[in-house]
1. Please go through the range 174-196 and pick out each residue that is within 15 Å of Met163 (Cβ to Cβ) and in a helix (DSSP H, G or I).
2. Residue check: is Leu426 more than 15 Å from Trp452 (Cβ to Cβ), among the aliphatic types (A, V, I, L, M) and at pLDDT below 65?
3. Would you say Gly408 is in a helix (DSSP H, G or I), under 26 Å from the mean Cα position of the chain (by Cα) and either surrounded by fewer than 19 Cβ atoms within 10 Å (Cβ to Cβ) or of a type outside the set (A, V, I, L, M, F, W, C) (or both)?
4. Starting from the range 458-474, take each residue that is over 17 Å from Phe299 (Cα atoms) and list its partners that are polar (S, T, N, Q), counting only C-beta distances under 6 angstrom and pairs at least six apart or across chains.
5. Would you check if Asn343 is surrounded by fewer than 16 Cβ atoms within 10 Å (Cβ to Cβ) and not aromatic (Phe, Trp, Tyr)?
6. Applying the selection to the range 229-281, what residues are buried (at least 21 other Cβ atoms within 10 Å of the Cβ), more than 16 Å from Met1 (Cβ to Cβ) and either in the same structural domain as Ile315 (by TED's automatic domain parsing) or over 22 Å from the mean Cα position of the chain (by Cα) (or both)?
7. Show me the helices (runs of 4 or more DSSP H) entirely contained within the range 84-172 in which 3 or more residues are out of contact with any Phe, Trp or Tyr (no Cβ under 6 Å at 6 or more places or on another chain), under 30 Å from Pro458 (Cβ atoms) and of a type in the set (Gly, Ala, Ser).
8. In the range 39-55, how many are among the small types (Gly, Ala, Ser) and either crowded, with 21+ Cβ neighbours inside 10 Å or modelled with pLDDT of 95 or more (or both)?
Amino acid sequence: MTIHDVIVLIGLSLFLGWVTRKGQRKNLLLLGSSLVFYWLQPSLPLRYLSFWLPTATFFLVILSWVCTSSYQQRWERETIQTAGFMTLIILMVGLTRYLGLGNLFATLYPPRLLRVVVFLLVTLGVIAILLRKETFSNAALWGLFSFFLLLFVILKTPYFAQMASRMWRYVVDQAPGLARAEDIKWLGFSYLTFRILHTIRDRIKGRLSESSLKEYLIYTLFFPAISAGPIDRIGHFLRELPEDQRSFEKDIIQGGRRLVIGLFKKFVVADTLSMIALGPENVSQIQSTGGAWILLYAFTLQIFFDFSGYTDMAIGLARFMNISLPENFNKPYRRQNLTQFWNNWHMTLTKWIRSYFFYPLTRALRSKGTFSVFGVLLITQISTMMLIGLWHGVSLGFVIWGLWHGIGLLVQNRWSTFFKSRLSKLELPSKLDPWLGGVGTFLTFHYVALGWVWFVTPHLSQGWEVMMWLLGVVS
């Protein structure tokens, strides 16, 4: 996202924040988020795909709502109106090809209108058939859950992504031999998937908050959070949709403060650090251990200021529209152990993984009674962190990064358990607490920093080379 994009989004957020206080709040939020979803979709070398990916997103979101909503909700008048509203938005964007409005969505280049109409007729037909089904079995919901996971794996795995690009090139008569894994960039799909999977899983468990189709679309497509989070829960988001008594001026002050902080973090600090931060292109330029540490420190700070800066901007833009998004970072590098670090780094992702993977897996293993406490911790900690690694991309580097943190959490847990009671018996003077805390913070920060080596280097050989420089083995 460029500074130009941010300026446009600021203007849109302020406009929506002002106008939605006069009525039509949900309709305007849905319209704004839908159009921004098209507008932010990056330009792709695959013909028409920049138009079809956002359009397919709308269909998948509606499909998910149909499968997770009650039969009564599906046939409410508002549902039909919302489906028609989304159809008009898609047609309107498709018509920009003929109306000389291509500059509004410069990256899209929609296909011929007949193809758009055929797509809409087919998808609306599928939705109409599904609407008649009174209930969806857990097996069907798990099937939908697995479908989203499969799409996620395809997009995150370079080999599968390249194959998908090759297949699309065959369909639209482009050279298949030019296919690359980077050809397919689906705006916000990772965060969108986690929002949808959360609703499917809660529906299976019978604890999903009821929402209209319009509310569900706003929740999944809400534009401040679509590209970099945070990952909100639908129950919390729905409580934010109704207008409360805060004044627009107060929202501008609070949102503006977070926005300025985010802009400074991202475009001043992070972008400056990126010029010297560790990356695959400058590994070969490392000539000393000190130089390697400088590059690593720069990347360690850059990824924090970049990511937390985007979060601050998202929270600020949402505040303009009288919506509070959850916090995502809380001084993670100042924490005294690895558990505290993960409780304060990308907090919404950590809570999501903990709720929908770590806790269920822990309960399942404990119920079997065949695993010791250590065995349960070994399996759950390692698998959880490897899953977080794979969420960033299906590659060996991300797997090693997840394994690095899984092992670190396991060791830290066992260390704390072993020494906690023993240290309490020593009755150390309280004045030593700040020193012990400082040592913990120092060790945690450097363990996390070393882990970023595997995160940022795409090849195992590069990561190993950097590690050797950092440890002073290479000279």
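The values are calculated or read from the model by the stated rules, or taken from the named source; none is laboratory data. Keep in mind that this is a model prediction, so the values were computed, not measured. We place every Cβ from the backbone using ideal geometry, glycine too, and count neighbours over all the protein chains shown.
1. If the condition is that a residue be within 15 Å of Met163 (Cβ to Cβ) and in a helix (DSSP H, G or I), then Pro176, Gly177, Leu178, Ala181, Glu182, Asp183 are the ones that fit.
2. Details: more than 15 Å from Trp452 (Cβ to Cβ): yes; among the aliphatic types (A, V, I, L, M): yes; at pLDDT below 65: yes.
Yes; evaluated as a whole, the condition is true for this residue.
3. The answer is yes for Gly408.
4. Gly472/Thr289
5. Yes; evaluated as a whole, the condition is true for this residue.
6. Residues satisfying the conditions are Asp251, Gly255, Ala277, Leu278.
7. 158-171
8. Selection size over the range 39-55: 1.
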